[in-house]
1. Aspartates and glutamates near A:K578 by alpha-carbon distance under 17 Å, same-chain residues fewer than 8 away left out - which ones?
2. Using 0.36 nm per residue of separation minus the Cα-Cα distance, give me the extension gain between A:L141 and A:Q511 in nm, one decimal.
3. Rounded to the nearest 0.05, what FRET efficiency do B:K341 and A:C528 give with R0 = 60 Å and r taken as the Cβ-Cβ distance? Could you check?
4. Once a ≥ b ≥ c are taken as the square roots of the eigenvalues of the Cα gyration tensor of segment A:568-620, is the result rounded (a/c under 1.5), prolate (a/b larger than b/c) or oblate (a/b not larger than b/c)?
5. Calculate for chain A the 222 nm mean residue ellipticity that helices alone would give, adding -39,500 (n - 2.57) per DSSP H run of length 4 or more and normalising by residue count, nearest 500 deg cm²/dmol.
6. May I ask you to list the residues of segment A:72-101 whose amide nitrogen lies under 13 Å from a point 7 Å from Cα along the Cα→beta-carbon direction of A:I337?
7. Mind checking the mean number of beta-carbon atoms from other chains within 10 Å of the Cβ atoms in B:423-432?
8. Calculate, for B:N158 and B:K412, the FRET efficiency according to 1/(1 + (r/R0)^6) with r their C-beta to C-beta distance and R0 25 Å; round to the nearest 0.05.
Amino acid sequence: MDDLKNKYDVIVVGAGHAGCEAALASARLNLKTLLLTINIDKIALMPCNPAIGGVGKSQLVSELDALGGQMAKVADDTLIQLKVLNKSKGPAVQSLRAQIDKKCYEIEMKKILENCKNLILRQGTVSDILIKNNKVTGVELEGGNFFCCHAVIIAAGTFLRGRIIIGDKEYKAGRMGEYPSMNLTRSLNNAGIKTGRYQTATPPRIDKRSIDFSKTVEQPGESIPMTFSFWKDKKIHLNISSFLTYTNKKTHEIIAHNIDKSPIRSGIINTHGPRHCPSIDRKVINFPEKNRHPIFIEPEGKNTNEMYLQGLTTSMPVELQQQIINSVEGLENARIIRPGYAVEYDYIYPNQLHLTLESKTVENLFFAGQINGTSGYEEAAVQGFIAGTNASLKIFGKPPLVLTREESYIGVLIDDLITKELLEPYRMYTSRAEYRLLLRSDNADLRLSKYGYKTGLLSKKQYEKVLKKEKDMKFLEGYLKNKIIFPNIQNNRFLKDMGSSILDVPATLYQILKRPETDIFKLIGNFCNDIYIKDPEVFNQTEINIKYEGYILKQIEEIKKYSNLEKITIPQNIDFFKIRGLTYEAQDKLNTVKPNTLGQASRIAGVSPADISILLISLKSGVKK
Amino acid sequence: MNDDTIAALATRAGEAAVNIIKISGKESINIAEKIFKSKSNKKICDLRTYKIIYGNIFDKNKIIDEVLVSVMKAPKSYTREDIVEINCHGGMVAVNKILELIIENGARLAEPGEFTKRAFLNGRIDLSQAEAVIDIINAKTINSLKIAANNLSGSLKNEIKNIRKKLLDIIVEIEASIDFIEEDLEIIPYKKMRKDINEVHENLIELIKSEEKGEIIKNGIKITIAGKPNVGKSSLLNLIVKKEKSIVTHIPGTTRDAIDEIIYMDGIPVTITDTAGIRKSKNYIEKIGVKKSISEIEKADIIIVILDNSKEISDEDIEIIKKSKEKKVVICINKIDKRSKIKKEKIEEYIKKENIIEISATKRIGIEKLEKKIKDLTIGKEKFEIEEKIIINKRQKISIEKAKIEIENAQKAFDLKLSEEFPVIELRAAYNTLGEIIGENTGEDILNGIFRKFCIGK
């Protein structure tokens, strides 16, 4: 076991979206990193929807990119369609969503891993986490290999005691056609980590050649230059269309008629699945009054005929899946390439983790991704990054990277995971963030690159780019505040042409920009010939800051108001049952979650503002334990 | 935190035939044991909770009073601590002596509201309930007691819950339209949403209004009678007071010259102040009198200006009327049984005709009309049904006003046609603010609402 060859700083278990980011973070921080996966051909796989982004999710991708993560760049390099969601709304809730060439994404990510210094990729199934004095010492593989290490990051996805269900058939599998990990859960349970069961499902894929596209509505992407990554030049990407069709009465009749064959009805599946991704069976049960449900037919890649049926998730028997599909317009002759299925798996209750994603019970053991009860590639990736970074920082003896709710969606995600009582796989939404107007995709670099640089995952050059942007924005704002526009005929005609009202008295450009209908590029183009700034993002950011100034300031005020609660820390050894005055429910919930701060405590369901006042009083009067 | 034992007189001093002394805390039973001997020789500590025992309070060997002692053991008591209540006779000498004995034996005198504070700190009641209890303690009238009881039982909570539910429905629609833009959702039309927001706004205004009425019921109405000497102020005052004499109490005025009388109208206390300076009829004093009247006028809810029907209006009269105009004012033309010299048109320049009432204090004409006018001006024309109204207190009012402003900001954002994420910030803020009043946080309400309402998952 002392063989140097088998000694690592960090071992990452699982090479999905969380595992890849975790391994890259620690290896790039110069730690000897081993990335273990059950199947080396399935790295960074997208087993469900071949897409990255979406409302709330693309914000996570931007933040990860601003910190020095990998996902955004690989997505930019492999996407085959890009859309802006919430286009008619403000910048805070606008989001990117990309269709990804699934195979290309895997190949690209594997290439990056293979060429990363300090990173070793290896196929193997971990059976045991080795622990001494509540501290991780290494891992053992099925078949008896040992590896020693300082820290372990578990990013096992749906593989722990994975069980696949189609109709009345079940298989032990992590994903369709892949071995599950049958022993790791027991090892975790033995170490005192509690686990539960979740379920999720995926729709069937069909052959492109068997679809009658004339009966569907084409859904093209955008052909404007865009990227996920801040560090890549914007470009116009491939634009391969998706197609829209709908289920109908006949579809629903088939489902209703055979509902006893649906695993969610027959009782084969009785675990919680994500409410945002219900199966078509569930939709027909829960919303019988709806006459149709949309189905998006999405390409899985540019070199394949496989098409993904978004909206038709089901784990009904295969022959019924075929009937359901063929009842839909445009899919009358569609052939299934692979059927849809449900997978049930072990996850750990995430409230057993610190905000660093380290276990509260076993030191140097980190968890990231779906195993923490989340759903989605983006949610997994950011956790992988945070776990990988914090495992490394801990080895270096440096303070951890903990992002707050006020500064990031990543902070919202991890705080929610640890604080809230979650009954289903967790997906990000913009409505989860209290300070949504501040946490925009477009300003993630301004918010977070300082942490990426400080940690060492962002280069000096990258960070300086952000600093320059900040400096230019400051300059531009000052410039606009001083630039006075006079109410002469020429100026007023220009404003009128722009759809804005004319001036009666002189106004600064800053004031004019506050009008919703004005556009910074047109104004600068007309009134200023002495601006040297080239980066269009500087203008965009400045315009957003000016146009939404009132709301932005209001949110900053809110943050200040609550920052006191966030600053008051709660000792971890406190017994809330001994604090008099708290309701029993609050005592119980607080003892389960063991919040780090009063702010975190205030977000626990069942803890009322009155309980917080009492907690505050007892903390101040020094009642401990 | 609350290791000491507190005691206080639970009934109002001097008002009742029987007084109750309440002791709360760890030592309450021990302390009572030391000063009490039961007729049946039973110990208090042997009593089951909620039981009463009969006996005497002793100071050494001397009997102080014959009493009933009841025990409520922790945590099933108001404060969740051991509570002993001593029911003794009304005389203040005995009450004070018993309290002294209790304190000698280790308790301390409770601060005002401290029992409630403990009930709150020990998790027995929430903040809005605690405030309602404090209101009960301070209640001056039967009506205000009813309101306080109503509040405690949670009707305020229910009303706020109702408003929050309406608000949540709107928030759910908006958030669904943002986070689930890719779904095929039928979001309610903007116009309907705007209407629903207006409704919430109106509900909040109603609640705020109820605070003003609550203030009146709790603190009563203050009426100032103003007017020159010999216009009949005291005879009118005596008349009103005598009519209600069964419940009249006489409290000496705070200033040497003013006399306050308290009467009850429909259970609401009405303090009537007779501005006294004007009684002295020398000219230079009259000027001081006017000044004094003016300062009394500023404190009053209603001013009754009495004029003499048999005399012409003087400049002082006009000045008083002018000063009163900011307030609710009733002009009382007295002595209508005498020949009229007064020019009513001159008064009507300043005061609405309906607020001018003609009376004769000596002949008892028009008194009912005057009383009705006072009621109309204070608690409103409709009969005040206490059971149906929810009265809020100051703290709650501040929160509700905050929520109201947040709703108004949302309305503005809607009217400016800003996209949905802007008004919803304000709506969510209002939802939180209202949650604070009843002690609920937002948690997963919004997402749960979306999943309940919409078929998500394209």
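1. A:D588, A:D611, B:D3, B:E81
2. Numbers: separation 370, 0.36 × 370 = 133.20 nm, distance 6.54 nm.
Length gained, A:L141 through A:Q511: 126.7 nm.
3. The calculated FRET efficiency here is 0.15.
4. Working: a/c = 1.11, a/b = 1.09, b/c = 1.02.
Cα axes put segment A:568-620 in the rounded bin.
5. Calculated mean residue ellipticity at 222 nm is -11000 deg cm²/dmol.
6. Inside the label zone: A:101.
7. Details: counts 0, 3, 9, 2, 0, 3, 3, 0, 0, 3.
Neighbouring Cβ atoms belonging to other protein chains average 2 per residue here.
8. Details: r = 29 Å, r/R0 = 1.18.
The value I calculate is 0.25.
The numbers here are math on the coordinates, done by the rules we state, and not lab data. Note that the coordinates shown come from a computational prediction; the quantities given were computed from them, not determined experimentally. Note that each Cβ is placed from the backbone with ideal geometry, even for glycine, and that neighbours are counted across all protein chains shown.
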